[in-house]
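Peer 1: What follows is a single structure, and I will ask about it in a moment.
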Amino acid sequence: MDIAIETIWDLGYAQASIGQIAKRAGISKGVVTYHFSSKDELMQNIVVDLYMKGASFLSKIENESTPSSMLKCYIETNLEFIHAHKEQVAAVAEIVMNVRDEEGKLFFHKPGDNAIYEPLIEILQWGQEDGSFRTFTSTGTRVLAMTIRSAIDLASQQLVTNPDFDITEYSKELIQLFESTTRQTHS
């Protein structure tokens, strides 16, 4: 799978054929298709592998004891993970936007599936319930969760396209921004 990730990183999803991956690995296409019946199956395995690594890496978020520290840890840990796995994250971004099911619909985007936002929504709701975050409408909570996730995902794009991108500074600024946005103000 590492060669497939490197191939997507170097050539893009469209050019990362089984033949091209096999050529770069110095093996026959038959060896690749012995392990993966199709390009789609290989791509799905790359995505699952990244998500499994991510789940393990992000488990430390659960050790936090307050909504504020959990939100900070969520942002920091996600950005650390993206930085540590930037090639695979970039490859997965291409895969997610290109792999389609038999009906031609994006395989990894199911209508109404917002699972990626749920951990953030839970943190934000907890912070509202315990009074450490300001009150948001239910729509506001979802919008904020989507905004945080989008800001994190943008970092992976910047790591690929901007050689001067400083993820450490980005992380600090992002944390400060969202701490300010969620802060409870007492009048």
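Just so you know, all these numbers are worked out from the coordinates, no wet-lab data involved. Being a predicted model, the structure only gives us computed values, none of them experimental. A quick note on method: Cβ atoms are made from the backbone with ideal geometry, for glycine too, and the neighbour counts reach across all protein chains shown.
Peer 1: Which log10 I(q)/I(0) values does the chain give at q = 0.09, 0.11, 0.13, 0.16 Å⁻¹ under the Debye formula, counting every alpha carbon as one identical point scatterer?
Peer 2: Summing over Cα pairs of the chain leads to -0.40, -0.58, -0.76, -1.03.
Peer 1: Cα axis of helix 2-11 to longest principal axis of the chain: angle in degrees, 0 to 90, nearest 10?
Peer 2: 90
Peer 1: So, one more: Post the alpha-carbon centroid distance, the stretch 4-52 to the stretch 148-187, in whole angstrom.
Peer 2: Using only Cα atoms to place each centre, the spacing works out to 32 Å.
Peer 1: Starting from the Cα of Thr161, move 7 Å in the Cα-to-Cβ direction to define the label point; list residues of the stretch 91-108 whose amide nitrogen is under 20 Å from there.
Peer 2: Under 20 Å, as judged by backbone N against the label point of Thr161, lie 91-99 of the stretch 91-108.
Peer 1: Given the Cα-Cα distance of Phe107 and Ala55 and 0.36 nm per residue of separation, how much length would full extension add, in nm?
Peer 2: Gain in length upon complete extension: 16.7 nm.
Peer 1: If you plug each phi of the stretch 142-147 into the Karplus form 6.51 cos²θ - 1.76 cosθ + 1.60 with θ = phi - 60°, what whole-Hz ³J(HN,Hα) values come out, in order, with x for Gly and Pro?
Peer 2: Along the stretch 142-147, the couplings run 5, 4, 5, 4, 5, 5 Hz.
Peer 1: Report ³J(HN,Hα) in whole Hz for each residue of the stretch 17-22, in order, from the Karplus equation J = 6.51 cos²θ - 1.76 cosθ + 1.60 where θ = phi - 60°; Gly and Pro get x.
Peer 2: Whole-Hz 3J(HN,Hα) from phi for the stretch 17-22: 7, 4, x, 5, 5, 4.
Peer 1: If amide hydrogens are placed 1.01 Å from N in the peptide plane, which non-local residues have theirs closer than 5 Å to the one on Arg183?
Peer 2: Counting only residues 5 or more places away or on other chains, the set is Arg134.
Peer 1: To continue, here is another question. Return the calculated 222 nm mean residue ellipticity for the chain, to the nearest 500 deg cm²/dmol, obtained by summing -39500 (n - 2.57) across DSSP H runs with n ≥ 4 and dividing by the residue count.
Peer 2: Value at 222 nm, helices only, nearest 500: -21500 deg cm²/dmol.
Peer 1: Tell me, Met43, Met52, Met146, Met70 in order of fewest to most beta-carbon neighbours within 10 Å?
Peer 2: Details: Met43 25, Met52 10, Met146 15, Met70 21.
Starting with the residue having the fewest Cβ neighbours, the order is Met52, Met146, Met70, Met43.
Peer 1: Using Cα springs under 10 Å in a Gaussian network model of the chain, which residue among Lys172, Lys110, Lys39 shows the largest mean-square fluctuation?
Peer 2: Lys110
Peer 1: Return, ordered by residue number, the residues of the stretch 27-64 whose backbone nitrogen is under 15 Å from a label point located 7 Å along Cα→Cβ of Gln184.
Peer 2: Counting only backbone N, you get no residues.
Peer 1: Helix 67-84: angle to the longest alpha-carbon principal axis of the chain, degrees 0 to 90, nearest 10?
Peer 2: 20
Peer 1: From the backbone phi of the stretch 115-121, what are the Karplus-calculated ³J(HN,Hα) couplings (6.51 cos²θ - 1.76 cosθ + 1.60, θ = phi - 60°) in whole Hz, Gly and Pro given as x?
Peer 2: 4, 5, 8, 4, x, 5, 4
Peer 1: If you don't mind, there's one more thing I want to ask. Rounded, prolate or oblate: which fits the stretch 61-152, taking a ≥ b ≥ c as square roots of the Cα gyration tensor eigenvalues, rounded meaning a/c under 1.5, else prolate when a/b beats b/c?
Peer 2: On the way: a/c = 3.13, a/b = 1.57, b/c = 2.00.
Because a/c hits 1.5 or more and a/b fails to exceed b/c, the stretch 61-152 counts as oblate.
Peer 1: By the gyration tensor of its Cα atoms, with a ≥ b ≥ c the square roots of the eigenvalues, what is the shape of the stretch 1-81: rounded for a/c under 1.5, prolate for a/b over b/c, or oblate?
Peer 2: Note, shape of the stretch 1-81 comes out prolate.
Peer 1: Testing the spin-label approximation: label points 7 Å from Cα along Cα→Cβ at Gln44 and Ser65. State their distance in nm.
Peer 2: Taking the two extended label points, one gets 4.4 nm.
Peer 1: Here is a further query. Report, in degrees rounded to the nearest 10, the 0 to 90 angle that the Cα long axis of helix 86-96 makes with the longest principal axis of the chain.
Peer 2: For 86-96 against the chain, the angle is about 80 degrees.
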